[in-house]
1. Which count do you get for residues in the stretch 247-272 that are part of a loop (DSSP other than H, G, I, E, B) and within 19 Å of Asp310 (Cβ to Cβ)?
2. Search the stretch 425-443 for residues being touching a Pro at 6+ places or on another chain (Cβ under 9 Å) and buried (at least 17 other Cβ atoms within 10 Å of the Cβ), and hand back the single one that is nearest to Gly7 (Cα to Cα).
3. Output the residue which, of all residues in the stretch 295-311 that are part of a helix (DSSP H, G or I), surrounded by 19 or more Cβ atoms within 10 Å (Cβ to Cβ) and of a type outside the set (A, V, I, L, M), is farthest from the chain's Cα centre (by Cα).
4. Would the stretch 352-374 turn up any residue that is under 16 Å from the mean Cα position of the chain (by Cα) and in contact (Cβ under 8 Å) with a residue 24 or more places away in the chain?
5. Are there any pairs, at least 6 apart or on different chains, whose C-beta atoms fall under 7 Å, with the first in the stretch 61-74 and under 12 Å from Ala25 (Cβ atoms) and the second open to solvent by 10 Å² or more (accessible area, probe 1.4 Å) and assigned to a helix (DSSP H, G or I), and if so, which?
6. So, in the stretch 168-184, how many residues would count as being surrounded by fewer than 22 Cβ atoms within 10 Å (Cβ to Cβ) and either among the aromatic types (Phe, Trp, Tyr) or touching a residue at least 40 places away in the same chain (Cβ under 8 Å) (or both)?
7. Please go through the stretch 169-184 and pick out each residue that is in a loop (DSSP other than H, G, I, E, B) and under 15 Å from Met249 (Cβ atoms).
8. So how many residues does the stretch 176-221 have that are of a type in the set (Ser, Thr, Tyr) and touching a Cys at 6+ places or on another chain (Cβ under 7 Å)?
Amino acid sequence: MTRKLFGTDGVRGRANTYPMTAEMALKLGQAAGRYFRRDGSNAHRVVIGKDTRLSGYMLENALTAGLTSTGMNVLLLGPVPTPAVGFLTRSMRADLGVMISASHNPHHDNGIKFFGPDGFKLSDEAEIEIEAMVAGEITPAQPQNIGRAKRIDDALGRYVEYAKTTFPAGLRLDGLKVVVDCANGAAYKAAPDVLWELGAEVIKVGVSPNGTNINEKCGSTYTQTAAEAVVAHGAHVGISLDGDADRVMILDEHGHVADGDQIMALFAARWADDGRLSGGTLVATVMSNLGLERFLTGRGLRLERTAVGDRYVVEAMRRGGWNLGGEQSGHIVMTDYATTGDGLLAGLQFLAEMARTGQPASTLIRQFTSVPQLLKNVRFEAGKAPLDSAAVQATIRANEARIAGKGRILIRKSGTEPLIRVMAECEDAVMLSEVVDEIVGAVEAAV
């Protein structure tokens, strides 16, 4: 059986539209509750976190109803970053963690992500089983075994305290002026507090959520706002998070942006020098720039590529025993500290390098020269499969032959939105543009 309900990062869609309805959240809660209560005991618990979307209230209540109906005891964390859910699932000895968020998507979208008792996201196999249970009949608990729900008032404080422990004990952020853009999302309290408590002068951006402004002209997918703040305030560095704070972009003192590839390159080189980079390997996806691979090879390190999605990065890291990975989009996974991408912890590691070396952010964010890369998205209607078109496939093959030896092409369907992503890399900028535009034109003709 293949997954239809679950995508690359849980279940996601437009709020109040299938599959992100209260009814489906109820069923998912019932299925997940039954999946994790197979032994029939009454000692099971689940933690639920969310970001700041208006629809989070609806989905939180529906999930709680479904989970308690199967006998699960629910602990409500309120608005917390996605990595906090992974951390607290394990810390609070829960059987299951749930995050209600659509990450970097607009406010009208939402999603549901599941974490196992080890704090890691569920495997494809577990999601397939849960999806099958959603489609079937789920036996509720007996009346005396219905679960309880309780709000955990200090959940955010627990994560804040843990986050500070990941910063080197001998360092402080005194004298550093830091812009932090929280995307009006889940980290709007935690990130500024952590930075201030470590000694930084903090300029806060995107910390006034109203339920509909998450990721709106702010955050890691719209770094202009943070860049303007860095320049206007004369800040030393900017940290730009996404709506659920599992991604980060770093901005230097001039407002220039470093994506996940540059951040991973810095960490990999530093960790390798310290003997901390497990297996001399960095794990990243097929989207990461060829320049990153060349940078690592030049230092005797290797790049292990995976399918797109931080969960696939983490699965590869766990299989190989590697401790550093991530995505160009800003998911930085450091399994020494967290079970999933954590934008705040990655930001702290970057700030630690600034404090340790005394170098400006502009020096640290330029670890290698990127190979020119162009990505264009084509939106398509539900039910259509433009990549199955013979004309599209023929166009892709022709352009792969054209660019062979000079670059590469990657065409894929997004796992979180109805988009076809057309990406290519090539030292020849003219050829790069022509190749991408020709494939985009063929896809657009097929949608």
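The values are calculated or read from the model by the stated rules, or taken from the named source; none is laboratory data. No experiment lies behind these values; they were computed from the predicted model shown. Cβ placement follows ideal geometry from the backbone for every residue including glycine, while neighbour counts extend to all protein chains displayed. The accessibility values were calculated without ligands, DNA or RNA, using every heavy atom of the protein model including side chains. Shrake-Rupley method; radii C 1.70, N 1.55, O 1.52, S 1.80 Å.
1. Count: 2.
2. Checking each candidate, the answer is Val443.
3. By that ranking, first place goes to Phe295.
4. No, there is no match, as no residue in the stretch 352-374 is under 16 Å from the mean Cα position of the chain (by Cα) and in contact (Cβ under 8 Å) with a residue 24 or more places away in the chain.
5. Ala62/Ala22; Ala62/Leu26; Ala65/Leu26; Gly66/Leu26; Gly66/Lys27; Gly66/Gln30
6. 5
7. Once the filter is applied, which keeps residues that are in a loop (DSSP other than H, G, I, E, B) and under 15 Å from Met249 (Cβ atoms), the stretch 169-184 yields Cys182, Ala183.
8. 1
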